[in-house]
Every structure is written in structure tokens, then in C-alpha cells.
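A.B. asks: Below you will find the structure I want to go over with you.
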Amino acid sequence: MTNPTFDDGDFLDHVETIRKQWEHALAGNSSDAAVVPAGAMPMYFQDDQAPAFHPNPHFARFYPDDDCEHSVLLVRRADKPKLYFHREASFWYQPPSLPDWAGDAFDVEEHDNEDALMKSLVHDLADFGRVALVGPAESYDLNLPLAAVNPKNVVNRLQFARALKTPFEQARMREATEIGVRGHLAARDTFREGGSEFDIHMAYLAASRQQESKLPYPNIIALNEHAGILHYQHYDRTSPAVSRSFLIDAGGRSGGYHSDITRTYSANPGDEFDDLVTALDEKQRAAVAMVRPGLAYVDLHVHMHREIAELLARFKFVRCSAEGAYERSITDKFFPHGLGHLLGLQTHDVGGQFVNEDGDIGEPPERFPKLRFTRPLETDQVFTVEPGLYFIPALLAELADSEAGRDVNWEKIEAFTPYGGVRIEDNVLVTADGVENLTRPAFDRLG
Ligand code: GLY
Ligand code: MN
Ligand code: MN
């Protein structure tokens, strides 16, 4: 991601929207300005190599490019932000160059060494009363006249506001979707040609034109029973002797914004596992269609548990009724994660459990402690809807040991365990009168 142009015209509006959010956030702490470092990656222990750089998301929301290590923003109430751009001359690495859009959006000062940058920043801070630092404080020599480091009353307001995406952010997320879907289509084809997990992974990277270190999260490329390992992280170099199923959870990034997409395929179209994929796909679409402002995501999650119960009964994984499978918490062993989460600069974006800008937490129901998203739905939120139904040996063993285990059709479960499981994940945008599915139209357009 080097110097994107952002020629869709929304960027300056975006910066102004974010600046106003900061003005409000800083007022919560009576601060006049904030120092927002992009950050820098520490080296591995006793090494001269570092992991891939991930900028401070508070910086990234203003500055949508990764090539910004050691740069700093000074966010000022009632003024445009000032960018202290770090560009050190080097013959080891290519120094970053200042994008045109940065010059339009910020007052810019360029520095070729960090000491000079800090000196200038400290000099400028003398103009302000209270100043907050919002970012990875540990990478800075805090010999700065700062009032507060990551004050909760500033950060909570920023994180609460981050759930609502500006038109600029929505455009980035559409691009991130398109990038991911190109990879998904190539991955599906490589699976159908008999490729190994590694082959599929490489096909994904090539078709989505992403390098591994820039992915939004590590690709989950799971053949057969590996689909039952929720964050399966290996890429087997050889194809399995028998191909049964394929689950891929992989996304794209644009301007730092993520997509987060999952599809599941049967190796034998028309078999019963394929029917299960289709049935879950229908339930996922129906759940997406229920999205509208004001809906409680917790209710959608509970609705999906009842739907998973219906599948367990319909496919005869249980001998009891769907109602019984839900009431006796049998579904919890087949669908052990939350229905979804906010999405943005982070795959599991922040603020999903905030019920207000003060950061008061909406606790998930006791039965579903993993649910990351408990706040009511609002226009311009982007989040995932990702039901799953898995055959996970460790959870099934717990079920077998419980009283509810008597209602389970263990022969059927044994037959399906080698398929791992099913997950279908789309990214959706809440609109004033309902919902826009960002993912499905990209598959239709590019597929
Ligand atoms: N890819 C991680 C998740 O779906 O939450
Ligand atoms: Mn995912
Ligand atoms: Mn997800």
C-alpha cells in the first residue's frame, strides 16, 4: 500500500469528521491537544529484525497508509492536525514519501531524524495547556509535558465513534472486500483442482495481490477436519488423500481497513455436507436481512442459536426437538463463537461492547460470554455476520459427558467430524432503512 490516491473526494471530509470527533473527545478530558504517534515496531529479542509494522489505529484513522513508522500527529482542538513526518535517508530501506493527500489534509513538517522531530514537537506543545498522548507510549521518550497517557475519557469517546464509518471508510471497506473476494474465488478454484492448503493460500495471495505480512489477519485455509479448528493456522504442503471439505476465512486491506470473509465448500457437490452448507448459507442470508438500526445484536445472536438448533434437528444430529437443543444449550457446543463483531481498522474492531461514549459495557448474556458485539445497531456501522456449525472433538467430548449427550445422534456426528464444520461470513453496513451486504455483490460481480 504505497501512496494510494484517494481520488474519490471523500478523504478531506473524513479528516474533518474525525477531527471533530477528537475535538469532542479532548473536551472530555479538558485537553487542548493530543500527541498521536504512529508508533514503531520493537525488534525481536536480541535481534535486528522486527515484525511487520502496524500503525497505532488512532493515527491510522487520520493517515490511511502503513508507511509512517515514527511519524507523529499533533491533533489540535479547532485547528487542522499537524503531521511531523519522519523520513530518514537510508540506503538500507526505501524512505517513505509524503503522499499528496497528506499535504492537503494536514500542516506538514518533515524530519529526517527522530530527535529533531521530537524537539520540534515539544517546542510546539508549549502553546497548549493540557495535552494527552494517545498511542503506544512505551516507544517514546516521555520527556514531554503531557497531562495524560491514553486517558480513558478520551480514548472511550474515540473508540465509541469509530464504529460508525464515514463515506471514505466505507469506500475503503468496499475495496478491501473486492480484494478479498478476488482471493476467495482463486482459492475456491485451487481447492477444486485438488490443491493443498499451501497451494490455496498462495493462490489467494496472488489473486488478491497481497503480501502475507499485510493481510488483515492470517488466512485460515482449512481442508477436511481442520475446518473444525476455528483459527487453524497451518498450511499443509500436501493435499489430503481424500478431499471432503474446505473452509476459507480470509480478507483484504485497503487504506488500513479490513474485510473479513468466510466461505465453506463441499468437495462433492450434492452430498449431505453440501446440503448443510447451503442450509447454513440460507440462515445467514436471512439473519443479514434482519439487520436494521435499533436491532440488538444480542437478539440476532440468540436468533441464530435457535436456527442452529433447527439445523441440528433437521439433519438429525440430535434426536430431540430444535427447541430442546436450544434450551439445553446443545447448540453452544456446535456454535461456540459470537455471531459477529465490528470491523474496521482492526478485524475485531474496538467498541463493540460500549453502550455509550463513556465506555460503559453492555455485558453479553451469561450463556454467550464470547459475544464481542452487544451495542445496538446504528446506521453506518460495519460488522460481520458469521454463523458456524462445527464438529469439534473437544467440545463434543464435553457434550458426551453431559446429560444432554443422550439426545445426540453420535453415529451421525462421527460421520461428519471428518468434514470439520461450516462457517459463512459476510460484512454488512447498516443503512438508514436496513442493511447493505458488502460481500455478496462482490462475489456476484467478480465470480
Ligand atoms: N477472521 C476472524 C474472525 O472471523 O473473526
Ligand atoms: Mn473471519
Ligand atoms: Mn469475523
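No lab work stands behind these numbers, since they all come straight from the coordinates. From a predicted model like this one, the values you see are computed outputs, not experimental measurements. Every residue, glycine as well, gets a Cβ built from its backbone with ideal geometry; the counts of neighbours run over all protein chains shown.
A.B. asks: How big, in percent, is the set of alpha carbon pairs in the stretch 244-370 lying more than 21 Å apart? Could you put the intermediate results ahead of the total?
C.D. replies: Details: 4135 of 8001 pairs.
So the portion of pairs separated by more than 21 Å is 52 percent.
A.B. asks: Just grab the label-to-label distance for E110 and Y217, each label 7 Å out from Cα along the Cβ direction, in nm (one decimal).
C.D. replies: 3.8
A.B. asks: Under a Cβ-Cβ cut-off of 14 Å, what is the net charge of the residues other than R209 that fall near it, where Lys and Arg count +1 and Asp and Glu count -1? Numbers along the way, then the final one.
C.D. replies: Working: positive: R182, K214, R253; negative: E175, E178, E212.
My count for the surroundings of R209 gives 0.
A.B. asks: Given +1 on the Cβ of Lys and Arg, -1 on the Cβ of Asp and Glu, and no further charges, what dipole in debye does the chain carry about its Cα centre, rounded to the nearest 20?
C.D. replies: So the dipole magnitude of the chain works out to roughly 840 debye.
A.B. asks: Using Cβ counts within 10 Å as a stand-in for footprinting exposure, how do I392, I308 rank, fewest first? Write out the running numbers ahead of the final one.
C.D. replies: Values: I392 21, I308 24.
The fewest-first ordering by Cβ neighbours comes to I392, I308.
A.B. asks: For the stretch 317-357, just the Cα set please: Rg and Dmax, both in angstrom.
C.D. replies: 15.7, 46
A.B. asks: How high is the relative contact order of the stretch 18-136? Use alpha-carbon pairs under 8 Å, at least six apart in sequence, and give a whole percent.
C.D. replies: Values: 193 pairs, mean separation 37.1, N = 119.
Rounded, it is 31 percent for the stretch 18-136.
A.B. asks: For the pair S329 and M41, how long in nm is the line joining their label points, each one 7 Å along Cα→Cβ?
C.D. replies: Result for the modelled spin labels: 4.1 nm.
A.B. asks: Can you give me the angle between helix 197-208 and the longest principal axis of the chain, using Cα atoms only, in degrees from 0 to 90, rounded to the nearest 10?
C.D. replies: Rounded to the nearest ten degrees, it is 50.
A.B. asks: While we're on this one: Compute and list, largest first, the equivalent-ellipsoid semi-axes of the chain from the alpha carbon gyration tensor, each √(5λ) rounded to a whole angstrom.
C.D. replies: On the way: eigenvalues 369, 125, 73 Å².
Rounded to whole Å, the semi-axes are 43, 25, 19.
A.B. asks: Sort the following peptides by mean Cβ neighbour count (other Cβ atoms within 10 Å, averaged over residues), highest first: 280-292, 74-86, 397-409. Walk me through the numbers before you get to the answer.
C.D. replies: Working: 280-292: 17.3, 74-86: 19.8, 397-409: 14.9.
The densest-packed peptide leads the list: 74-86, 280-292, 397-409.
A.B. asks: Let me ask another. What is the count of Lys pairs in the chain whose alpha carbons sit under 26 Å apart, if the two are 8 or more places apart or on different chains?
C.D. replies: Step by step, the pairs that qualify in the chain add up to 22.
A.B. asks: Another question about this same structure. Give me the extension gain from A137 to D380: residue separation times 0.36 nm, minus the current Cα-Cα distance, reported in nm with one decimal. Walk me through the numbers on the way to the answer.
C.D. replies: Working: separation 243, 0.36 × 243 = 87.48 nm, distance 3.09 nm.
That works out to 84.4 nm of additional length.
A.B. asks: Per residue of the stretch 173-188, in order, report the coupling 6.51 cos²θ - 1.76 cosθ + 1.60 (Karplus, θ = phi - 60°) as ³J(HN,Hα) in whole Hz, putting x for Gly and Pro.
C.D. replies: Coupling constants for the stretch 173-188: 6, 5, 5, 4, 5, 4, 4, x, 5, 4, x, 4, 5, 5, 4, 4 Hz.
A.B. asks: Across 5 Å bins from the origin, how do the percents of Cα pairs in the stretch 63-117 run, short distances first?
C.D. replies: Calculated over all Cα pairs of the stretch 63-117, the distribution is 4, 19, 30, 25, 14, 5, 1, 1 percent.
A.B. asks: May I pose another question? Considering the stretch 21-161, what Rg and Dmax in Å follow from its alpha-carbon atoms?
C.D. replies: 14.9, 45
A.B. asks: Another question about this same structure. Can you give me the angle between helix 11-27 and the longest principal axis of the chain, using Cα atoms only, in degrees from 0 to 90, rounded to the nearest 10?
C.D. replies: 80
A.B. asks: Sticking with this structure for a sec: For the chain, find the longest principal axis of its Cα atoms and tell me its angle to the long axis of helix 272-289, 0 to 90°, nearest 10.
C.D. replies: 50
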